[in-house]
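Below is one structure, written out as structure tokens, with a few remarks after it.
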Amino acid sequence: MAYTYDPQNIFARILRGEIPNKTVLETAHTLAFHDIHPQAPIHVLVIPKGPYVTFDHFAAEATPEELLDFHRTTASVIALLGAGEGGYRAITNSGLNGMQEVPHYHLHILGGRVLGRMLDH
Ligand code: AMP
């Protein structure tokens with residue numbers, strides 16, 4: 001599968017420092033920041049710094065260092081925010097069916113309340 005990355009997407013602009021974000025944690029390959037429209041008391045987005053469009057793009061083409069850093073940083077974010085105690089949900093949306101709004105791979109970490117069923121219908 002060929003992936004086309006749009007370097008003007010809003011998360012690319014955040015990574016270039018063109019627009020601000022509320023950073024939770026930053027490493028060499030990964031940035032975690034608060035979602036601008038939180039859906040729960042905890043709502044953080046974890047993104048790789050590399051130009052990956054979707055989860056499958058990242059999983060297929062990222063380097064071992066990027067993959068490790070992304071997942072270890074996500075674990076650190078969950079620990080830092082205390083999301084592990086009560087439990088949380090990790091979601092990623094892709095493409096049209098997933099109704100992905102921002103075409104830069106991101107993992108939503110949601111917690112701090114009972115989140116309801118995964119899908120409404
Ligand atoms: P998705 O529908 O999975 O692509 O989710 C995109 C998410 O990005 C939404 O939850 C938005 O609220 C969030 N978002 C959009 N712009 C920003 C921004 N500038 N800073 C933080 N979160 C944002």
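Computed values, structure above
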{"quantity": "Linear extension gain, Asp56 paired with Arg72, 0.36 nm per residue minus alpha-carbon span", "calculated": "3.9 nm"}
{"quantity": "Where GluC sites (Glu not before Pro) fall in DSSP loop in region 18-121, at most 16 other Cβ within 10 Å", "calculated": "Glu18, Glu101"}
{"quantity": "Using θ = phi - 60° and Karplus 6.51 cos²θ - 1.76 cosθ + 1.60, couplings along region 83-100 (whole Hz; Gly, Pro as x)", "calculated": "6, x, 4, x, x, 7, 10, 10, 10, 9, 9, 9, x, 5, 5, x, 6, 5"}
{"quantity": "Accessible surface, per residue, of the chain when the full set of protein chains is kept, probe 1.4 Å, Å²", "calculated": "62"}
{"quantity": "Under-5 Å amide H pairs with Val53, H placed in peptide plane, nonlocal only", "calculated": "Phe58, Tyr105"}
{"quantity": "Rounded D (µm²/s) - region 62-121, Kirkwood Rh over Cα pairs, Stokes-Einstein at 37 °C, 0.692 mPa s", "calculated": "248"}
{"quantity": "Fraction of accessible area attributable to carbon and sulfur, the chain (%, probe 1.4 Å)", "calculated": "57"}
{"quantity": "Computed P(r) (all Cα pairs; region 10-111; 5 Å bins; percent)", "calculated": "2, 13, 25, 26, 21, 11, 2, 0"}
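The values are calculated or read from the model by the stated rules, or taken from the named source; none is laboratory data. This is a predicted model, so every value here is computed, not measured. No Cβ is skipped: glycine too gets one built from the backbone with ideal geometry, and neighbour counts run over all protein chains shown. SASA here: full protein model, heavy atoms, side chains in, ligands and nucleic acids out. Shrake-Rupley method; radii C 1.70, N 1.55, O 1.52, S 1.80 Å.
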